[in-house]
Amino acid sequence: MERSVQKVPFGHVESDTYSGKGTLVYYDMFQDVSDLELERAAEQAKTRGFAKLVLYPLHEETIRRMWKRMVDPYYKREDRLFEWRRGHEDEAKITIENWEGKRKKYTPIEAALRHLAEKYPQPLFLYLSPETANAFASFSSFEEWIGKVRLILNEPPKEPHPKLAEYRHRWDVVLENS
């Protein structure tokens, strides 16, 4: 993670445009995610004081490799997210990341996380389904990345992956009443 030096004129005062800490990234295929689940993610971002909520839809090739599953085309799932965001009260704080759509191919989660870490304010929190969290935990790079990001699961996993269970202190679950 590179940090660049920024030069500012003498007497510069930071503006109040930055409100919040870090970024909550909803990393999902967004095939079967309802508006209610998207609202829950937006509410978590607001409640926990994140500067940004980033919706990161996965490309079909990534989904095919991770879960061996067929889904709607990327553009349809992305259009649905844009439609949901339009008119939302926190529309300015919600970003739909289309990096994977531009690549148009399989993108390993490590590459996606590097891209997100370079582009958005730190710290990074990943908002995941238990299925996605288990898939992430099965990768060899999980141990490296779990030290750099925290996980927020949208529901408790029924059978957590052994690595996910080992790093239980690095993730928590959204409460039903929130």
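What to note about this one:
- Counting beta carbons within 10 Å around each of HIS169, HIS88, HIS59, HIS161 and listing the fewest first gives the order HIS169, HIS88, HIS161, HIS59.
- With helices as the sole contributors, the chain gives -10500 deg cm²/dmol at 222 nm; each DSSP H run of n ≥ 4 counts as -39500 (n - 2.57), and the sum is divided by every residue.
- P(r) of the range 34-119 over all Cα-Cα pairs, binned every 5 Å from zero, in whole percent: 3, 13, 23, 22, 21, 14, 4, 0
- Extension gain from LYS76 to GLU39, taking 0.36 nm per residue of separation minus the Cα-Cα distance: 11.4 nm
- From the alpha carbon centroid of the range 44-60 to that of the range 127-141 is 17 Å.
- Taking the number of Cβ atoms within 10 Å of each Cβ as an exposure proxy, the fewest-first ranking of VAL33, VAL25 is VAL33, VAL25.
- Summarising the amide proton neighbourhood of LEU126: residues at separation of 5 or more, or on other chains, whose placed amide H is nearer than 5 Å comprise VAL25, ARG150, LEU151, ILE152.
- Compared with the dominant principal axis of the Cα atoms in the chain, helix 109-119 is inclined by about 10°.
- Rounded tilt (10° steps) of 74-85 against the dominant C-alpha axis of the chain: 50 degrees
- Distance (nanometres) between label positions extended 7 Å along Cα→Cβ at PHE10 and GLU131: 6.1 nm
- Shown in residue order for the range 100-106 are the 3J(HN,Hα) couplings computed by the Karplus curve 6.51 cos²θ - 1.76 cosθ + 1.60 at θ = phi - 60°: 5, x, 6, 5, 6, 7, 4 Hz (x for Gly and Pro).
- Around PHE50: net Lys/Arg minus Asp/Glu count, Cβ-Cβ under 13 Å: +4
- DSSP-loop GluC sites (Glu not before Pro) across the range 46-122, with at most 13 other Cβ within 10 angstrom: GLU89
- Close Lys-Lys pairs in the range 34-107, where close means Cα under 28 Å and separation is 8 or more or interchain: 18
- For the chain, built as a Gaussian network whose Cα springs stay under 10 Å, the top-fluctuating residue of THR23, THR95, THR47: THR47
- Normalised contact order of the chain, rounded percent, pairs of Cα under 8 Å and 6 or more residues apart: 23 percent
Laboratory data are not the source of any read-out in this text; all were calculated from the coordinates shown. Keep in mind it's a predicted model, so treat the numbers as computed, not measured. As a convention, Cβ positions derive from the backbone with ideal geometry for all residues, glycine included, and neighbour counts pool all protein chains shown.
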